[in-house]
1. Pairs please, first residue from the range 467-485 and open to solvent by less than 30 Å² (accessible area, probe 1.4 Å), second anywhere and assigned to a strand (DSSP E or B) and modelled with pLDDT of 95 or more, Cβ atoms under 6 Å, 6+ apart in sequence or on different chains.
2. Would it be correct to say that VAL304 is touching a residue at least 40 places away in the same chain (Cβ under 8 Å), on the phi < 0 side of the Ramachandran plot, open to solvent by less than 10 Å² (accessible area, probe 1.4 Å) and in contact with a helix residue (DSSP H, G or I) (Cβ under 6 Å, 6 or more places away or on another chain)?
3. Considering only residues that are without any contact (Cβ under 8 Å) to a residue 60 or more places away in the chain and outside any loop (DSSP other than H, G, I, E, B), look in the range 24-54 and name the one that is most open to solvent (accessible area, probe 1.4 Å).
4. Of the numbered conditions (1) surrounded by fewer than 22 Cβ atoms within 10 Å (Cβ to Cβ); (2) out of contact with any Leu (no Cβ under 7 Å at 6 or more places or on another chain), ILE449 satisfies every one except a single condition; which is it?
5. So which of ARG160, ARG260 is modelled with pLDDT under 95 and farther than 30 Å from GLU128 by Cα?
6. Quick test of your reading of the structure: ALA351 fulfils all but one of (1) touching a residue at least 12 places away in the same chain (Cβ under 8 Å); (2) more than 22 Å from PHE455 (Cβ to Cβ); (3) surrounded by fewer than 24 Cβ atoms within 10 Å (Cβ to Cβ). Name the failing condition by number.
7. Of the conditions (1) in contact (Cβ under 8 Å) with a residue 12 or more places away in the chain; (2) out of contact with any helix residue (DSSP H, G or I) (no Cβ under 9 Å at 6 or more places or on another chain); (3) of a type outside the set (Gly, Ala, Ser), LYS374 clears all except one; give me its number.
8. So which residues in the range 321-343 are farther than 17 Å from PHE434 by Cβ, open to solvent by 10 Å² or more (accessible area, probe 1.4 Å) and either in contact with a strand residue (DSSP E or B) (Cβ under 9 Å, 6 or more places away or on another chain) or at pLDDT below 95 (or both)?
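The values are calculated or read from the model by the stated rules, or taken from the named source; none is laboratory data. All figures in this text were calculated on a predicted structure; none of them were measured in a lab. Heads up, the Cβs are rebuilt from the backbone with ideal geometry, glycines too, and the neighbour counts pull from every protein chain shown. Side chains are part of the model used for accessible areas, which takes the heavy atoms of the whole protein and leaves out ligands, DNA and RNA. Shrake-Rupley method; radii C 1.70, N 1.55, O 1.52, S 1.80 Å.
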Amino acid sequence: MKCVVAMFQHETNTFSPLPTPLSAFATPVGLELPPAGEQAMALYGQSGFAFAALLQQARAHGAEVVVPIAAYAEPSGKVDDAAFDSICNAICTAVQKGCDAVLLDLHGAMVTASFDDGEGELLRRIREIDEQVPIAVALDFHANVSRTMVENCQVIDGYRTYPHTDMFATGERVAATLFNTVLQKIPTRMSWYAIPLATHMLAQSPNFEPMQSLMNQGVAAVDNAEVLNASVFGGFPLADIPELSLSVVVIEKHSDDPDRQKGAGLCHGIANQAWQQRDDFYFAAEPLAESIVRAKQCQEFPVVVADHGDNSGAGGSTDDMTVLAEMLALSLDGIVAGPIYDPQAVASLVALGVGAATTINLGGKTDAPSIGQKGRSLSCIGVVENITDGRFVIQGPMQTGLEVNLGTSVVFDIGSAKILLTCERWEPYDPGCFTQAGLDYLNAKYLLIKSRQHFRATFEDFAKHIILAAGPGVCSSDYNQFNFINLGAGKYPINKNIDLRYAEMLSVISDAI
């Protein structure tokens, strides 16, 4: 058996001003092109990504494995056409050379300059090359699953967690379903139901209601006898595309007996319950000033202040200084803040060297025209405390074992706060970003990070209090800031007059291979 195993991951915030060229996928930092072959396996093969599980499962089944590319980029704006075509061509060329199965680690919310549904277009191109080859896909919980995706593969399964601590396990489920059905020649049916609901990301985690009971229903239905996979996708609401939705996908063994056809009913039941609870997916952000006042009133430390409006994990620039400025204005001290993306400031401070005192404007280098926002910087007087290479290996439960490279990093001490400045954007879901810079985050009074949910994977374990701070940015939970124009008939609550008749449902039967 010969398997093509590849990764092509990007979550696209269509309101983000940050470009996404091919170089954005050349991670870790320092590569000229996205890794392929042995290099890709070395970088990602032992990590917590679904790609690593797909790779390991293919090898465990004695397959010859071809890895044409492992492309991952931090969330940002639309993927440019040259980058998309280059990565798609690498995967499609490998398929064209012949294989018995294709296993893909995708995101599910990629938008390109020419395609609203990047993953659907990739799968369509693969299917155009080979009408029969079985294709299995691991998707992010935030996937906007489309009809085109469903029509062009045999297996879809998604993360069941947010923070995404089950990425590897998702890859295992995907591979197990593919190999079991192929080797046992079992025909399958995939059912999909997508409803016009734009959930708020701070109200969609399966750790809490209303998503918790929906996800639990899907997981409980998997019996590996009839129902092989069941996934609930919260969707990615910062993509201005018709495919934006909350969706449910079920894979079952195909049967002509109506009494054994459970998938469509399961999809329908979960999706309809989500629709009945649609108002529970709304997150009302607290005014920033009130959040910082609450932070100041805390008596136990550390207090994590999570700026969720400017989060690189959803396409933010991570260089707006509004929240830190508010904290300093209220005389908070003992602050560790970062990572703040500011390569220009890093270069200036590195040139001065450790121990140098200076005045410098930090952050605020990125405007967001889509929401009429000008970048806000912060003028600081301080001392260069440390300079590092920005490298560390994730030890926490999300993407465990992955080497992160923040680029040259600087700790700038302004007295009341120590600010970590980096040359690359990264959402802090592992404290290694601070320890690599010599920052004692556990003894900070306040830990200011730019994150929405993923920080909870590790920081929730030691934080005495968590304050969600609604800083400005393209990751805001205030949908009134965004000019949605491509949603088709609309999505709730952006259009509160929308109803369930705009839901899409489909069942696709795949013959035994």
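1. ILE467/VAL305; ALA469/VAL305; ALA469/ASP307; GLY471/ASP307; VAL474/ALA368
2. Working: touching a residue at least 40 places away in the same chain (Cβ under 8 Å): yes; on the phi < 0 side of the Ramachandran plot: yes; open to solvent by less than 10 Å² (accessible area, probe 1.4 Å): yes; in contact with a helix residue (DSSP H, G or I) (Cβ under 6 Å, 6 or more places away or on another chain): yes.
In short, yes.
3. Selected residue: GLU38.
4. (1)
5. Numbers: ARG160 fails: modelled with pLDDT under 95.
One residue alone meets the criteria, ARG260.
6. (1)
7. (1)
8. Residues satisfying the conditions are THR322, ALA325, GLU326, LEU328, ASP333, PRO343.
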